[in-house]
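The values are calculated or read from the model by the stated rules, or taken from the named source; none is laboratory data. Please read these numbers as outputs of a predicted model, since none were measured by experiment. Because the Cβ atoms are built from the backbone with ideal geometry, glycine has one as well, and the counts that use them run over all protein chains shown.
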């Protein structure tokens, strides 16, 4: 939580908490030992000392807490087998780690991400494994009042032995375990052993004992196991049952420590700030604490000194008038200033015992559910610092099947993609993990709002006593771990409504544990109580959840998972407008990843390089995906079936589908009292392995075309259109006489807080002739809402009186121009389905691609639909894809890594189909 100064001496790491003066650091470096704590080289231990404030003034420090990070480990398969011989111990390549990662490093197993090798490593999850290390303890260290072993995360069922004595039994992947081991340690070498049982087999045992329950995805035994549920396989992920110490392990020596920090910020409607801070200590002994609040530049904002700690608890508070401290805003609405709270714990003589800190920020976050104008139901919207926010974003799954391979740099790259894609919210889905601290820290820094699920993904979970105990411990630990992050604005869980559960939504008093929906006790009793007690974050009973006694499919209340496109009724994506909800927290469409990712999973096997191959099928886990993909392709596209073309057409289909949803639902954000749709979170931003899925960015962080079309729909200013046929019968008794008109509607959106004067340009083209029509008008876009601009007949499209009259292929292009001529937004509306369009020939199109360094400019003589650019060889980082181009409106795309290579362009009507 606070900066560390790192010094390495003969391969031993001495980590010093707090920034140090150069003179003090030189003194420290020159010392062979100080006050009994030796700084000798130890291969298996990373040393970390907590220092008192004397270090900041250049004085020689007194070390108050010593932390050994245990890093030199070996592992074995208990009893021997395919992984190791009986009694054979292998050195780990990294720590924390897991068995799959180490066996891959040693080339003892094939890569499960390639071909069908996922199924060659299933034995790993059904074996027992052990990890061990040794570490040295001095006489002075063991004299400390306390010595704890701290396990940040063990996956999942393990028994822990220290010097042959069992000190811990674990059964939850999601929590930290801390064990006092002073009586078990000895001077000199100590051995620590972690014995892991098979989570899969333990789950099957629990299922036999407590009963089989229903679910979607994976083995039903997962419902009894507090482990990342996606390890059991999902409709986008492989079956890879990880095992091992997946988070750091350390031994800590101390006299008294700061056990818990609870910082609550209450921001009034006038934006005055009240900060209440509670502290809990490990011992009820006399002492004093100092609390300092600092701005990001290190300026001291407030201090509270001489706080008595005798009772084991303490508290203090700070108050600020509006404007005295800066508020934190989501990206696009203001800055993200982060403050630090630093706590120093001293004994009665003033000796420093412990120092800790947390980064915090101040924001007023509310979920608003109030009556609407002109429509039934209630809003479901997020308000930050009195500003109502349209939330456009993504769902997040774990970024890898092997969590210990995800670095802070990968987390940042993923979350930066949200910012690059103009997204302001991410939902951490409940079948993965409570993410790493660095994930939330980056969200705080970047201004990304976080919708945090509890880990109950897609199933009918139990609520027997031992399971409930695990859940209570897990929820309390993670709420306390995460509550200080300004980015987190909502907690919830996932309901499994379609499993024929006993659901009386009006029942607010029952225990529920004797129904066939026992976990409702957890969701509506346990979790809300823990969230309310340990944080000020809003708790939402489910996702989806309507409330008001209504089922979760209600489109007028709460949040909605809209899967009637792809799943369910398999509606056309053109129906998104009538499929809207107050907040659509899940929806999606599949699309193949980048062709390089596809070729990666073939592993060089060219015989499998066709859409229906066994390898391709293994790398798409969605039930019935062939039927669903082909349904949407056949309904909308004339498409080719070679591998490269199939990748292209599914990508364009996904891009069109998802952009349409964001476009139509953002239109429903119509201002105060008319926030008919307040957010849309696409399923999903990322993948955990190379796969065809609903992700808009593939496993290797290569954005699909859909990423870019969504980004365009989430710009501060956008323009949207719909084209719908209206059939009118003048005679009540006749069906033979009618008229068909193509009606065009145009609207604009403005996410800024000021009204915006723009010029709307509308240009229409006939693909089969030189006909063209243009008009423009001045428009005022209302702040933080959509504005209706035009409704009328599609230019150049005559009224039809017979269904045999084929409508013209009219493309309508719109642009929003700023007063200085800057293009703020553009959109081209094409007749659909695209399969009926008679596209101009390549020669008639006159598509021109001009390259100047890393800038690529596209122009054409005729409208072009769905341009996707690529090159041979290594991937290029493109600034835009799935581009619709019209004459007179050239577009320039950034291309990082082009390096002079020739650009290839795919588009609808390119002759491939």
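Quick check: is even one residue across region 645-656 assigned to a loop (DSSP other than H, G, I, E, B) and either buried (at least 24 other Cβ atoms within 10 Å of the Cβ) or at pLDDT 95 or above (or both)?
no
Output the number of residues of region 773-785 satisfying the condition of being touching a residue at least 40 places away in the same chain (Cβ under 8 Å), more than 18 Å from residue 823 (Cβ to Cβ) and part of a strand (DSSP E or B).
Looking only at that region, the number is 1.
Scan (1) in contact with a strand residue (DSSP E or B) (Cβ under 9 Å, 6 or more places away or on another chain); (2) exposed (fewer than 13 other Cβ atoms within 10 Å of the Cβ) for the single condition residue 769 breaks and write down its number.
Against the list (1) in contact with a strand residue (DSSP E or B) (Cβ under 9 Å, 6 or more places away or on another chain); (2) exposed (fewer than 13 other Cβ atoms within 10 Å of the Cβ), residue 769 comes up short only on (1).
In the same structural domain as residue 720 (by TED's automatic domain parsing), touching a strand residue (DSSP E or B) at 6+ places or on another chain (Cβ under 8 Å) and either outside any helix (DSSP H, G or I) or surrounded by fewer than 19 Cβ atoms within 10 Å (Cβ to Cβ) (or both): does that describe residue 858?
Here the answer is no, as residue 858 does not meet what is asked.
So which residues in region 332-342 are under 27 Å from the mean Cα position of the chain (by Cα), surrounded by 15 or more Cβ atoms within 10 Å (Cβ to Cβ) and at negative phi, if there are any at all?
Once the filter is applied, which keeps residues that are under 27 Å from the mean Cα position of the chain (by Cα), surrounded by 15 or more Cβ atoms within 10 Å (Cβ to Cβ) and at negative phi, region 332-342 yields 333, 336, 337, 338, 339, 340, 341.
Has region 455-467 got at least one residue that is part of a strand (DSSP E or B) and at pLDDT below 95?
yes
Collect the residues in region 730-767 that are assigned to a loop (DSSP other than H, G, I, E, B) and modelled with pLDDT of 95 or more, keeping them in residue-number order.
Within region 730-767, 751, 752, 753, 754, 755, 767 qualify.
Under the condition of being part of a strand (DSSP E or B) and touching a residue at least 60 places away in the same chain (Cβ under 8 Å), which residue from region 549-606 is nearest to residue 629 (Cα to Cα)?
The residue in question is 591.
When you look at residue 306, is it at pLDDT below 95, surrounded by fewer than 18 Cβ atoms within 10 Å (Cβ to Cβ) and part of a strand (DSSP E or B), yes or no?
So residue 306 fits the description; yes.
Being in contact with a strand residue (DSSP E or B) (Cβ under 6 Å, 6 or more places away or on another chain) and either surrounded by fewer than 16 Cβ atoms within 10 Å (Cβ to Cβ) or over 21 Å from residue 267 (Cβ atoms) (or both) is the filter here; which residues of region 309-331 pass it?
Answer for region 309-331, where residues must be in contact with a strand residue (DSSP E or B) (Cβ under 6 Å, 6 or more places away or on another chain) and either surrounded by fewer than 16 Cβ atoms within 10 Å (Cβ to Cβ) or over 21 Å from residue 267 (Cβ atoms) (or both): 309, 312, 313, 314, 315, 317, 319.
Kindly provide the set of residues from region 204-222 that are under 25 Å from the mean Cα position of the chain (by Cα) and under 17 Å from residue 170 (Cα atoms), ordered by number.
222
Just a yes or no: is a residue in region 702-710 farther than 29 Å from residue 390 by Cβ and either surrounded by 23 or more Cβ atoms within 10 Å (Cβ to Cβ) or more than 36 Å from the chain's Cα centre (by Cα) (or both)?
No, every residue in region 702-710 fails to be farther than 29 Å from residue 390 by Cβ and either surrounded by 23 or more Cβ atoms within 10 Å (Cβ to Cβ) or more than 36 Å from the chain's Cα centre (by Cα) (or both).
Can you tell me how many residues within region 200-215 are in contact with a strand residue (DSSP E or B) (Cβ under 6 Å, 6 or more places away or on another chain) and within 21 Å of residue 465 (Cβ to Cβ)?
Number satisfying all stated conditions: 1.
Give region 370-414 a look and list any residue that's in a loop (DSSP other than H, G, I, E, B), in contact (Cβ under 8 Å) with a residue 40 or more places away in the chain and within 21 Å of residue 152 (Cβ to Cβ), or say none.
Hits for region 370-414 are 398, 399, 400, 401, 402.
With respect to residue 118, is the statement that it is over 23 Å from residue 169 (Cβ atoms), at pLDDT 95 or above, outside any loop (DSSP other than H, G, I, E, B) and in contact with a helix residue (DSSP H, G or I) (Cβ under 8 Å, 6 or more places away or on another chain) true?
yes
Is it true that residue 718 is surrounded by 23 or more Cβ atoms within 10 Å (Cβ to Cβ), in contact with a helix residue (DSSP H, G or I) (Cβ under 8 Å, 6 or more places away or on another chain), assigned to a strand (DSSP E or B) and at pLDDT 95 or above?
yes
Could you check region 536-548 and list, in sequence order, the residues that are part of a strand (DSSP E or B) and out of contact with any helix residue (DSSP H, G or I) (no Cβ under 6 Å at 6 or more places or on another chain)?
Passing the criteria: 538, 545, 547.
Just give me the residues in region 277-291 being farther than 19 Å from residue 483 by Cα and either modelled with pLDDT under 95 or out of contact with any helix residue (DSSP H, G or I) (no Cβ under 9 Å at 6 or more places or on another chain) (or both), in sequence order.
Answer for region 277-291, where residues must be farther than 19 Å from residue 483 by Cα and either modelled with pLDDT under 95 or out of contact with any helix residue (DSSP H, G or I) (no Cβ under 9 Å at 6 or more places or on another chain) (or both): 282, 283, 284, 285, 286, 287, 288, 289.
For region 617-642, how many residues are in a helix (DSSP H, G or I), in contact with a helix residue (DSSP H, G or I) (Cβ under 7 Å, 6 or more places away or on another chain) and more than 14 Å from residue 235 (Cβ to Cβ)?
3
Pick from 894, 865: which is closer than 19 Å to residue 772 by Cα, touching a residue at least 24 places away in the same chain (Cβ under 8 Å) and under 32 Å from the mean Cα position of the chain (by Cα)?
865
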